[in-house]
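Before any comments, here is the structure.
The values are calculated or read from the model by the stated rules, or taken from the named source; none is laboratory data. Given the structure is predicted, the values throughout are model-derived calculations rather than measurements. Reconstructed Cβ throughout: ideal geometry from the backbone, glycine too, with neighbour counts over all protein chains shown.
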Amino acid sequence: MAQITTHNIGIIMNGVTGRMGTNQHLMRSIAAIRQQGGVKLSDHEIIMPDPILVGRNEIKLQEIAKRAGITKWSTDPEAILSDPAYSVYFDAQTTNRRVEWVQKAIRAGKHIYCEKPTALTTQEAYQLYAQARDAGVKHGVVQDKLWLPGFLKLKRLIDAGFFGEILSVRGEFGYWVFEGDLIEPQRPSWNYRQEDGGGIISDMLCHWRYLLDNIFGKVKAVSCLGATHVKTRWDEQGKPYNCTAEDAAYSTFELEGGIIAHFNSSWTVRVRRDDLVTLQVDGTKGSAVAGLRQCYIQPYAATPRPIWNPDIESPINYMDNWQVVPDNKVFENAFKIQWELFLRHLVTNEPFPWNLREGAKGVQLVEKGMESWQKRAWVDVPELEE
């Protein structure tokens, strides 16, 4: 019987006590990969992630480690960074702590994989990229929405030429986040404090950058208006606080090739659409609406012919004449897919273009969006150096 070669990859997972770190990166990605027997390279070769959980709350770390079936955890990240058993540093902390620890990990010779935004400023984000590049370590940034089933189907339609010439993209994202006085909020209080790195522009324009760049075309310019619609919220201790960060952003993007994209992002909107996030793409030959998992299409030949007449009920049900794009495959968790690609990149040098430079592009769009809001004007988005 042939012997199986196992590549054990030690991973320092810093910040996994947060919602995203626990659920998406630990339980649904690394723990799931371990439970399936690793990442299979061939019948005789696998990659097995070997994580240690790092954070500031010992009780939370113990509880999460037990749930994930992981035995190793630590409240001393400095000591773990010096351990040669761990070649990868992963960061899912709050944004204002990320630069310091990623820099320490680079100096320790660790490969880097981290959440976005990678920094609070473009300068810091680009410096992280340059430092990792110059140190010769491999690096990646989470860009999970590229592997959501709805957007994978959308990309497949583009590659098949379904739309003809793409004219525009309209994105709608958000839901009502409760204030915390009567009903428990769904998001942490730091999201609404600018001094703690909060704000929906910082949170979401990073996502819109990689989605637009990778699916439709490079972002060339942005016009953005932010707003703090809800002025007071209640924190984790039930105390009221003033919101200093924006909870809604209304952004328009000019893309390479002349495509216009408009995205509404809001934590103060009630949902009456197919999903919490939807993208409508309109082209000369057809249109599509993609959510997190489903995608609906309306080709040119099935497009109804509306006539404006507000004096009668519309004879057209506009939800008709849309077809569901079939799955055609089993879709796995988007975070897990990208983790597996990064692990393969570490071991086999397979291409992994979603690096710290791409992360810096996301931070750049956040900065340009904030600049546009401040100036009340269109702002160009220049290309970052390699």
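Only one of Leu120, Leu128, Leu146 is more than 13 Å from Gly15 (Cα to Cα), surrounded by fewer than 23 Cβ atoms within 10 Å (Cβ to Cβ) and at pLDDT 95 or above. Can you tell me which? Talk me through it step by step, then tell me what you get.
On the way: Leu120 fails: at pLDDT 95 or above; Leu128 fails: surrounded by fewer than 23 Cβ atoms within 10 Å (Cβ to Cβ).
When all the criteria are applied, what remains is Leu146.
Can you pull out the residues in the stretch 234-246 that are of a type outside the set (Val, Ile, Thr) and closer than 14 Å to Gln194 by Cα? Working first, answer last.
From the stretch 234-246, those of a type outside the set (Val, Ile, Thr) are 234-243, 245-246; that's our starting set.
Hits for the stretch 234-246 are Tyr241, Asn242, Cys243, Ala245, Glu246.
Just to verify a result, which residue in the stretch 81-94, among those that are of a type in the set (A, V, I, L, M) and surrounded by fewer than 23 Cβ atoms within 10 Å (Cβ to Cβ), is nearest to Thr22 (Cα to Cα)? Give the derivation first.
We begin by selecting, within the stretch 81-94, every residue of a type in the set (A, V, I, L, M); these are 81, 85, 88, 92.
Among the residues that remain, those that are also surrounded by fewer than 23 Cβ atoms within 10 Å (Cβ to Cβ) are: 81, 85.
Numbers: Leu81: 21, Ala85: 22 Å.
Here the answer is Leu81.
Of all residues in the stretch 84-124, how many are touching a strand residue (DSSP E or B) at 6+ places or on another chain (Cβ under 8 Å) and assigned to a loop (DSSP other than H, G, I, E, B)?
Residues flagged as touching a strand residue (DSSP E or B) at 6+ places or on another chain (Cβ under 8 Å) and assigned to a loop (DSSP other than H, G, I, E, B) within the stretch 84-124 amount to 10.
What pairs can you find where one residue is in the stretch 164-184 and surrounded by fewer than 14 Cβ atoms within 10 Å (Cβ to Cβ), the other is among the basic types (Lys, Arg), and their Cβ atoms are less than 6 Å apart, with a gap of 6+ or different chains?
Between residues of the stretch 164-184 that are surrounded by fewer than 14 Cβ atoms within 10 Å (Cβ to Cβ) and residues that are among the basic types (Lys, Arg), the close pairs are Gly164/Lys285.
So Phe331 ticks every box in (1) surrounded by fewer than 18 Cβ atoms within 10 Å (Cβ to Cβ); (2) touching a helix residue (DSSP H, G or I) at 6+ places or on another chain (Cβ under 9 Å); (3) farther than 18 Å from Ile215 by Cβ but one. Which box is left unticked?
(3)
Somewhere in the stretch 41-49, is a residue within 19 Å of Arg97 (Cβ to Cβ) and touching a strand residue (DSSP E or B) at 6+ places or on another chain (Cβ under 7 Å)? Outline the logic, then answer.
Restricting attention to the stretch 41-49, the residues satisfying the condition of being within 19 Å of Arg97 (Cβ to Cβ) are none.
Among the residues of the stretch 41-49, not one is within 19 Å of Arg97 (Cβ to Cβ) and touching a strand residue (DSSP E or B) at 6+ places or on another chain (Cβ under 7 Å), which makes the answer no.
Could you grab me the full set of residues in the stretch 58-79 that are part of a strand (DSSP E or B) and either among the small types (Gly, Ala, Ser) or more than 22 Å from Leu343 (Cβ to Cβ) (or both)? Step through it out loud before you land on a result.
Of all residues in the stretch 58-79, those part of a strand (DSSP E or B) come to 73-74.
Ser74 - this is the single residue of the stretch 58-79 that is part of a strand (DSSP E or B) and either among the small types (Gly, Ala, Ser) or more than 22 Å from Leu343 (Cβ to Cβ) (or both).
Does Leu205 fit the bill of being free of Cβ contacts under 8 Å to residues at least 60 places away in the same chain, assigned by TED's automatic domain parsing to the domain that holds Arg376 and not in a strand (DSSP E or B)? Steps first, please.
On the way: free of Cβ contacts under 8 Å to residues at least 60 places away in the same chain: no; assigned by TED's automatic domain parsing to the domain that holds Arg376: yes; not in a strand (DSSP E or B): yes.
No.
Those residues that are surrounded by fewer than 20 Cβ atoms within 10 Å (Cβ to Cβ) and hydrophobic (A, V, I, L, M, F, W, C), I need them from the stretch 347-369; list them, please.
Listed by number, the residues that qualify are Val347, Phe352.
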